[in-house]
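For reference, the structure is listed below as structure tokens.
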Amino acid sequence: MATHSRKVSAPLTFDLPLSLIAKIGACRRGHSFKTSSEVVRLAIGEFNYDKFESSSEEHRQISVRLPADQKNKLTKVSRKKKVSVGELLRVAIDCLEAKASKKTAKGGRK
């Protein structure tokens, strides 16, 4: 019986911004790769994980209570915009902080 020397691969799904997807496409063309998988394997193989430090801020999960109509609106908007409810909440909270800072700068109360 013949043995296969082919390595077993497993699918991996992850979210990327369109700018990185375009970069994968450019790299595919530049290296004459047939698939995006080849580009990702190259990136993983060449990346120095010893020097990696995450630049993302630590996240913590919280629970809040919302009126049903507000939660429904949030869910509908997230579907329409094709983003998570969490992303919408983060943007809304971030904008609220910016508005509070503007009031303080104009001599208002915080």
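The values are calculated or read from the model by the stated rules, or taken from the named source; none is laboratory data. Bear in mind the structure is a predicted one, so any value in this text is a computation, not a measurement. Backbone-built Cβ (ideal geometry, glycine too); neighbour counts: all protein chains shown. These area figures cover heavy atoms from the full protein model, side chains too; ligands, DNA and RNA do not enter into them. Shrake-Rupley method; radii C 1.70, N 1.55, O 1.52, S 1.80 Å.
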* **In segment 8-49, the residues that are modelled with pLDDT of 90 or more, farther than 29 Å from K82 by Cα and over 20 Å from the mean Cα position of the chain (by Cα)** => R29, G30, H31, S32, F33, K34, L42, G45, E46, N48
* To do: Any chance you could count how many residues in segment 30-53 are exposed (fewer than 10 other Cβ atoms within 10 Å of the Cβ), within 19 Å of L12 (Cα to Cα) and polar (S, T, N, Q)?
  => 0
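Looking for whichever is assigned to a helix (DSSP H, G or I) and free of Cβ contacts under 8 Å to residues at least 60 places away in the same chain here; the options are Q61, Q70. Which one fits?
Values: Q61 fails: assigned to a helix (DSSP H, G or I).
Testing whether each residue is assigned to a helix (DSSP H, G or I) and free of Cβ contacts under 8 Å to residues at least 60 places away in the same chain leaves just Q70.
Assess whether L12 counts as being among the hydrophobic types (A, V, I, L, M, F, W, C), open to solvent by 80 Å² or more (accessible area, probe 1.4 Å) and in a loop (DSSP other than H, G, I, E, B).
Working: among the hydrophobic types (A, V, I, L, M, F, W, C): yes; open to solvent by 80 Å² or more (accessible area, probe 1.4 Å): yes; in a loop (DSSP other than H, G, I, E, B): yes.
Considered against the rule, which asks whether it is among the hydrophobic types (A, V, I, L, M, F, W, C), open to solvent by 80 Å² or more (accessible area, probe 1.4 Å) and in a loop (DSSP other than H, G, I, E, B), L12 comes out as yes.
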